[in-house]
1. Considering only residues that are touching a residue at least 40 places away in the same chain (Cβ under 8 Å) and assigned to a strand (DSSP E or B), look in the range 115-124 and name the one that is farthest from the chain's Cα centre (by Cα).
2. So which residues in the range 125-170 are under 28 Å from residue 44 (Cα atoms), hydrophobic (A, V, I, L, M, F, W, C) and assigned to a helix (DSSP H, G or I)?
3. Being surrounded by 14 or more Cβ atoms within 10 Å (Cβ to Cβ) and outside any helix (DSSP H, G or I) is the filter here, so list the residues in the range 86-114 that pass it.
4. Quick check on the range 142-151. Is at least one of its residues over 30 Å from residue 20 (Cβ atoms), crowded, with 19+ Cβ neighbours inside 10 Å and in contact with a helix residue (DSSP H, G or I) (Cβ under 6 Å, 6 or more places away or on another chain)?
5. In the set 56, 139, 72, which member is over 25 Å from residue 19 (Cβ atoms) and touching a Phe, Trp or Tyr at 6+ places or on another chain (Cβ under 9 Å)?
6. Can you tell me which residue among 119, 49, 71, 59 is within 19 Å of residue 33 (Cα to Cα) and of a type in the set (Gly, Ala, Ser)?
Amino acid sequence: MTDEQMLRQATRFPTDGEINVAFADYSHFLGRVVHSWNRLHERLAELFAVVMGGSQRVALAVWHSSLNDRAQRNMLETAVKTVSDDRWERKFPQAKTDLIWPIAEINSLSAHRDNAVHAPAVLTINDRHIEMAAIQYTQHKRAKNLVGKELLVEFDYYARKSDAYGDFTGSVSACLQLYNYASWPDRPPQLNRRPKTALLGLRLRYDAK
């Protein structure tokens with residue numbers, strides 16, 4: 001590419017179509033983060049009700065008495081450590097350890113989720129592509145945590161981790177309720193970030209000419 005071509009690319013303005021597609025990509029992947037996170041916490045609420053026993057209606061009312069996700073997870077951890085149920089503890093001796101394990105993992109993931117949801121982003125031209133990126137020149141702490149990172153790759157990773165923990169939590173809840181007929185589920189495997197090329201089927205990509 002000649003110097004003139006590079007200058008023209010660097011100074012050109014994106015079209016309305018490019019802007020719309022870039023924002024659609026960003027919104028779609030961020031929406032997956034939000035949806036997966038909300039679904040995960042509904043699974044945690046169900047698990048809380050199972051661990052508490054008794055009236056599910058009462059247990060869920062207690063859970064939703066707090067609007068703070070971390071406070072709810074703290075309630076679940078306290079319930080797991082305190083409540084005793086000889087029926088499933090005898091059959092699943094690893095239950096308490098495996099019930100507490102995802103809470104610590106989710107607490108760690110929550111910082112990434114908050115970065116995704118709260119970090120301001122802007123339209124950029126990067127490597128011939130029009131895409132959204134975290135604002136570099138800001139004092140916003142959430143944005144600083146995402147500067148230089150591929151937002152779609154990060155968002156995909158966060159959503160898949162939320163889904164994995166949600167599926168595991170759902171399987172655990174079912175197992176505790178059907179303890180005579182179920183086998184304890186394995187913990188989900190460690191996930192890695194997927195390359196951008198693996199996301200092509202999930203995104204609306206526009207190549208700048």
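1. 123
2. 151, 152, 153, 155, 159, 164, 168
3. 92, the sole residue that qualifies.
4. Scanning the range 142-151, I find no residue that is over 30 Å from residue 20 (Cβ atoms), crowded, with 19+ Cβ neighbours inside 10 Å and in contact with a helix residue (DSSP H, G or I) (Cβ under 6 Å, 6 or more places away or on another chain), so the answer is no.
5. Only one candidate passes the filter, namely 72.
6. After applying the criteria, what remains is 119.
Every residue, every condition in (1) under 18 Å from the mean Cα position of the chain (by Cα); (2) under 26 Å from residue 146 (Cα atoms); (3) at pLDDT 90 or above, yes or no:
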| position | (1), (2), (3) |
| --- | --- |
| 13 | no, yes, no |
| 16 | no, yes, no |
| 23 | no, yes, no |
| 41 | yes, yes, yes |
| 48 | no, no, yes |
| 78 | no, no, yes |
| 85 | no, no, no |
| 98 | no, no, yes |
| 113 | yes, yes, yes |
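The values are calculated or read from the model by the stated rules, or taken from the named source; none is laboratory data. Note that the structure is predicted; figures quoted are calculated from it, not measured. FYI the Cβ positions are ideal-geometry reconstructions off the backbone, even for glycines, and counts take in every protein chain you see.
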